[in-house]
Amino acid sequence: MDTSGPAGSETVYWALDGGIHHAKCAQRMVLTQRDPQELHFSCLTCTESVRLPHAVLTRIPVAT
């Protein structure tokens, strides 16, 4: 099931390992596509994808 769509920074977070992780399942996401406007990430665990505009990258929370 692919539930891709525009997402806010609340659906992902920067983990201490330096990768972007999916907030829903806490698994590292894989970069699948780069566009001039956004990056597309996929979660291999729950098969969801997330599109992040470049401007959102600086607002993604960091795990503590």
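If you go through the stretch 29-64 and keep only what is closer than 15 Å to GLU10 by Cα and of a type in the set (D, E, K, R), you end up with GLU48, ARG51, ARG59. When residues in the stretch 15-36 are screened for being in a loop (DSSP other than H, G, I, E, B) and either closer than 24 Å to THR64 by Cβ or in contact with a Lys or Arg (Cβ under 9 Å, 6 or more places away or on another chain) (or both), 11 of them pass.
Checking each residue in the stretch 45-64 for being surrounded by 12 or more Cβ atoms within 10 Å (Cβ to Cβ) and either of a type in the set (A, V, I, L, M, F, W, C) or within 11 Å of the chain's Cα centre (by Cα) (or both) picks out CYS46, GLU48, SER49, VAL50, ARG51, LEU52, PRO53, VAL56, LEU57, ILE60. If you go through the stretch 19-29 and keep only what is of a type in the set (A, V, I, L, M, F, W, C) and either at positive phi or within 8 Å of the chain's Cα centre (by Cα) (or both), you end up with ILE20, ALA26, MET29.
Look at GLU38 and say whether it is charged (D, E, K, R) and at pLDDT below 95. The answer is no for GLU38.
Considering the conditions (1) at pLDDT below 95; (2) touching a Lys or Arg at 6+ places or on another chain (Cβ under 6 Å), ALA63 is excluded by exactly one of them, (2).
Consider LEU31 carefully, then state whether it is in contact with a helix residue (DSSP H, G or I) (Cβ under 8 Å, 6 or more places away or on another chain) and modelled with pLDDT of 95 or more. Answer is no for this residue.
The values are calculated or read from the model by the stated rules, or taken from the named source; none is laboratory data. Keep in mind that this is a model prediction, so the values were computed, not measured. Cβ: placed from backbone, ideal geometry, glycine included. Neighbour counts: every protein chain shown.
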